[in-house]
Amino acid sequence: MLKKTVNRQSGIFASEMMRICEDSKDIQDVLNDTSYFDAASLVIYVIEKAGISVRQYGASYTGNLTGALIKAGFKDVTRRVNLATGEGLMSGDILITPHRDVSIYMSVGHLLGVGYDNGRRVATSKSYCNLPYKTVLRYEGIVTPQPTQKRVRRKIKQ
């Protein structure tokens, strides 16, 4: 029973990450407003926006990202994936080459990362190729939804 809950929650998290990644205006606004925003910053931003707090586990750059994500509920699934072809990758997987690069696997054959266009940082969607990536992490924890505020209407008795 717990396995089904974890898999369902993983799917919810991956869907939320993809929604955020596809909102290119939101991401581009962050890239434009931040003096230093690299690929690791983008991944941390997307994960936190999807409801997983990873900064509390020390996530701050590519070099410490693997340990922080594992503490936050991600699992190392590198052995379940063929990095040469990308077979076995799932939407929302985090691909890491320590101290070099990190990307989010979006869908069949596409990665989200940070690139440059005429000297300006931009969120990029690029075709999958093995960088070579060393680690693939997949979220298998439970997402705790953020509380929403509800407006309560009260009838006034006369």
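The values are calculated or read from the model by the stated rules, or taken from the named source; none is laboratory data. Please read these numbers as outputs of a predicted model, since none were measured by experiment. Counting neighbours? That spans all protein chains shown, and the Cβs are built from the backbone with ideal geometry, glycine included. The area values use the complete protein model at the heavy-atom level, side chains included, leaving out ligands, DNA and RNA. Shrake-Rupley method; radii C 1.70, N 1.55, O 1.52, S 1.80 Å.
Quick rundown of the values:
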{"read-out": "Residues within the stretch 46-56 that are surrounded by fewer than 19 Cβ atoms within 10 Å (Cβ to Cβ) and not acidic (Asp, Glu), tallied", "value": "5"}
{"read-out": "Selection count, the stretch 92-104, where residues are closer than 14 Å to Ser15 by Cα and surrounded by fewer than 19 Cβ atoms within 10 Å (Cβ to Cβ)", "value": "0"}
{"read-out": "Candidate set from the stretch 129-146 (those that are open to solvent by 40 Å² or more (accessible area, probe 1.4 Å) and within 23 Å of Ser15 (Cβ to Cβ)); member that is modelled with the highest pLDDT", "value": "Glu140"}
{"read-out": "Count of residues meeting criterion [within 18 Å of Thr62 (Cβ to Cβ) and either more than 14 Å from the chain's Cα centre (by Cα) or without any contact (Cβ under 8 Å) to a residue 12 or more places away in the chain (or both)] in the stretch 86-111", "value": "4"}
{"read-out": "Among the candidates Ile70, Ile47, Ile52, residue that is outside any helix (DSSP H, G or I), modelled with pLDDT of 85 or more and among the hydrophobic types (A, V, I, L, M, F, W, C)", "value": "Ile52"}
